[in-house]
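The values are calculated or read from the model by the stated rules, or taken from the named source; none is laboratory data. Not measured: the values here are computed from a predicted model. Using ideal geometry, Cβ is built from the backbone for each residue, glycine included, and neighbour counts are taken over all protein chains shown.
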């Protein structure tokens, strides 16, 4: 996972000011990163405070994410290669979601040559084609739109160590049945879990 230039290096100063507040130096408090007194203290919207330099270094490593509570204060962009996301609906319902039908998502990730943002620039990688399933109810439709935003931010897939497209860290249901052990339904907590995974990646 990476992050846009607007939130790295010296550009963090402007982003932190926009998303949070600049607090005055307080000799009685310490930065939780360097454990020293604050130097040019920055406060995020989540109210956690850090030295400006410490926060900038954290952004370079983790992206625009609070080191303490994981609040996302900037735009995260992943290493996903180019591809296509489409979806359709079917009348048949998923186990645990009777009477609402199914949303079938298709991800068509064709192979190619890795770009500068990928782990091995200029090397070729192999693609994949995957289907995923959501209930066609109100919450399922909301999750679909969140997944579309995540796809547009290159967060659904990444390129693995063997130069192949693999899932990143947002779990999908790739089977209609079989339960969680088979990446399928029924799984009553799945929609809330995937919302949390999306939130960690700045999608909510």
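Filtering segment 145-162 to residues that are over 24 Å from residue 88 (Cβ atoms) and surrounded by fewer than 16 Cβ atoms within 10 Å (Cβ to Cβ) leaves 160, 161, 162. Among the criteria (1) in contact with a strand residue (DSSP E or B) (Cβ under 9 Å, 6 or more places away or on another chain); (2) under 17 Å from residue 199 (Cα atoms); (3) surrounded by fewer than 17 Cβ atoms within 10 Å (Cβ to Cβ), the one residue 171 does not fulfil is (1).
A single entry from 70, 90, 45 fulfils the requirement of being in the same structural domain as residue 157 (by TED's automatic domain parsing), under 30 Å from residue 190 (Cα atoms) and either modelled with pLDDT of 70 or more or touching a helix residue (DSSP H, G or I) at 6+ places or on another chain (Cβ under 9 Å) (or both): 90.
Of all residues in segment 37-57, exactly one satisfies the criterion of being in contact with a strand residue (DSSP E or B) (Cβ under 8 Å, 6 or more places away or on another chain), buried (at least 19 other Cβ atoms within 10 Å of the Cβ) and assigned to a helix (DSSP H, G or I), namely 55. Taking the listed residues 202, 140, the one that is modelled with pLDDT under 90, crowded, with 16+ Cβ neighbours inside 10 Å and in contact with a strand residue (DSSP E or B) (Cβ under 8 Å, 6 or more places away or on another chain) is 202, with no other qualifying. Taking segment 174-190 as the range and being farther than 18 Å from residue 106 by Cα and in contact with a strand residue (DSSP E or B) (Cβ under 8 Å, 6 or more places away or on another chain) as the test, only 186 passes. Among the conditions (1) surrounded by fewer than 18 Cβ atoms within 10 Å (Cβ to Cβ); (2) modelled with pLDDT under 95, residue 178 misses just one, which is (2). Please determine whether any residue of segment 59-66 is at pLDDT 85 or above and within 19 Å of residue 204 (Cβ to Cβ). Looking through segment 59-66, at least one residue is at pLDDT 85 or above and within 19 Å of residue 204 (Cβ to Cβ). The residues on offer are 134, 155, 146, and the sole one that is out of contact with any strand residue (DSSP E or B) (no Cβ under 9 Å at 6 or more places or on another chain) and either closer than 29 Å to residue 72 by Cα or touching a residue at least 12 places away in the same chain (Cβ under 8 Å) (or both) is 146. When residue 116 is tested against (1) in the same structural domain as residue 182 (by TED's automatic domain parsing); (2) at pLDDT below 85; (3) surrounded by 12 or more Cβ atoms within 10 Å (Cβ to Cβ), just one condition goes unmet, and that condition is (3).
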